[in-house]
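Worksheet: one structure, shown below.
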Amino acid sequence: MTKRYKVWVSRPLFAEALARLDQHVTLVAEATERQHSPAQLRERLADVDAAIIGLSDRVDAATLAGNERLRVIANLAVGYNNLDIDALTRAGVLACNTPDVLNETTADYAWALLLAAARRVGAAERWLRSGQWTGTMRIDDWLGVDLHGRTLGILGMGRIGQAVARRAGGFDMRVLYHNRHRLPEVTERQCAARWVDQPTLLAESDHLVLALPYTPGNHHIIGAAELARMKRGSVLVNIARGGLVDEAALAAALAAGQLAAAGLDVYEDEPVVHPALLALDQVVLSPHLGSASADTRRNMAHLAVDNVLAGLGLGSAAGDPPTPINPQLLHARPAPGKA
Ligand code: DGY
């Protein structure tokens, strides 16, 4: 079969996902994980019809300048703050992401971080491993913060936020949420969650989980003022994007005891972690792995492949990519190969 299209995959991907692409297109897949410079990204994208990229690949108007060929970009993530969607749309490039397949896994991980931070799992394990458990334990050693019976606050009540909320029943927690748009009543009932304004959420939550997408408009939505409004001794978890939190202010709030603990999976300047956070034992830190279960990462890879194939007009869903971000392009442009 003559392969009409060429597709670049910017980082190593599961072999079975690559094999699906390989059946239909000429595949250029990177064999090693690496950070591409803006110039490298521009060069690679200029030479292909579609690409699967990751969060550290930033695509904006400059990346696309002069690119006459690219038709589809599939982001291996649900969040797409690495993509300038307006620039992609202007350039006629369909952008796709990987929503839904990672909701439950990411929600599981929010709870892992929340439990670990509230019950001091990271610090206690480091202490044990370093050979410091040499005698009997005092009754007031390793005291953490309870989850059961407390109030869970969720800022950002999209599909992942809702999945976090649904798990709270098992801990007998009251759930409050804030979202720009209040959810339909039926969804609120399913999540057993009540909408409140943001100041109330901050003031009443014992544990606050951030699950909202990052936009320039909500940069540092949790800064010094918001941290000061939170309950003393509360716990903050961020599974969304680092830019939502002023990390220096968070470190100061933790050091002052305003917050008891934090669980962070995302950072403002990944892979760099603010040194003041690294220095604090009461912060559980993980390297942006919220969606990293074996099944979910495979499902994300296959969804990205589905988007590329369908976006190029190939395969069983030709012309109907499952999760486009700028679907208006599907109606505006001629079908691939028919221009
Ligand atoms: C996402 O999908 O946006 C996650 O942050 C990456 O795993």
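The values are calculated or read from the model by the stated rules, or taken from the named source; none is laboratory data. These numbers come from a predicted model, not from an experiment. Don't worry about glycine lacking a Cβ; one is built from the backbone with ideal geometry, like all the others, and counts go over all protein chains shown. Protein only, heavy atoms only, side chains kept; ligands, DNA and RNA dropped before computing areas. Shrake-Rupley method; radii C 1.70, N 1.55, O 1.52, S 1.80 Å.
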- Note: the stretch 204-249 at 20 °C, 1.002 mPa s; Kirkwood Rh on alpha carbon pairs; Stokes-Einstein D in µm²/s works out to 197 µm²/s
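What does the extension gain come out to for Thr215 and Lys3, with contour length at 0.36 nm per residue minus their alpha carbon separation? Don't skip to the answer; put the middle values down first.
Values: separation 212, 0.36 × 212 = 76.32 nm, distance 3.83 nm.
Gain on extension, Thr215 to Lys3, equals 72.5 nm.
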- Item | Percent of alpha-carbon pairs separated by more than 19 Å within the stretch 103-285 | 56 percent
- Message: If you roll a 1.4 angstrom probe over the protein chains with everything in place, what fraction of the accessible area of the stretch 1-143 belongs to carbon and sulfur, to the nearest %?
- Response: 52 percent
- Points 7 angstrom from Cα along the Cβ direction at Arg69 and Leu289: gap in nanometres? 3.7 nm
- Note on the structure: Under the Karplus relation with 6.51, -1.76 and 1.60 and θ = phi - 60°, whole-Hz ³J(HN,Hα) for the stretch 162-172, x at Gly and Pro, equal 5, 5, 5, 4, 4, 6, 6, x, x, 9, 6
- Specify the residue with the greatest mean-square fluctuation among Pro199, Pro322, Pro99, computed from a Gaussian network of the chain linking alpha-carbon atoms under 10 Å apart. Pro199
- Would you kindly calculate the translational diffusion coefficient of the stretch 1-147, applying Stokes-Einstein with the Kirkwood radius from alpha carbon pairs, for 20 °C and a viscosity of 1.002 mPa s, and quote it in µm² s⁻¹ without decimals? 115 µm²/s
- Message: Within 13 Å, Cβ to Cβ, of Ile85, how many net charges do the neighbouring residues add up to if Lys/Arg are +1 and Asp/Glu are -1?
- Response: -1
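What is the sum of charges around Phe14, taking Lys and Arg as +1, Asp and Glu as -1, for the other residues whose C-beta is under 15 Å from the C-beta of Phe14?
Charge balance in the 15 Å sphere: -2.
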- Share of accessible surface on carbon and sulfur in the stretch 189-309, whole %, 1.4 Å probe and ligands ignored, is 57 percent
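As an exercise, use a Förster radius of 30 Å and the Cβ-Cβ distance of Val28 and Val272 to find the FRET efficiency, rounded to the nearest 0.05.
0.50
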- Quick one: if you stick a label point 7 Å off each Cα along the C-beta vector at Arg182 and Trp133, how many nm between them? 4.8 nm
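Taking the DSSP beta bridges in the chain as the whole, what percent of them are antiparallel, to the nearest 5?
Details: 2 of 42 bridges.
Rounded to the nearest five, the antiparallel share is 5 percent.
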- Query: If only Cα atoms are counted, what is the Rg of the stretch 198-309, and what is its Dmax, in Å?
  - Reply: 15.5, 52
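May I ask for the net charge around Ala118, where only other residues with Cβ less than 12 Å from the Cβ of Ala118 are counted and Lys, Arg are +1 while Asp, Glu are -1?
On the way: positive: Arg119, Arg120, Arg150; negative: Asp146, Asp206.
Net of charged neighbours comes to +1.
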- Message: Tell me the per residue accessible area of the chain using a 1.4 Å probe; a whole number in Å² is fine.
- Response: 47 Å²
- Query: Could the peptides 45-53, 160-168 be put in order, highest first, of the mean number of other beta-carbon atoms found within 10 Å of their residues?
  - Reply: 160-168, 45-53
- Note on the structure: For Arg166 and Ser37, extending 7 Å from Cα along the Cα-Cβ vector and measuring point to point gives, in nm, a value of 4.6 nm
- Task: Determine by what factor the alpha-carbon radius of gyration of the chain differs from 2.2 N^0.38 Å, reporting the quotient.
- Result: 1.10
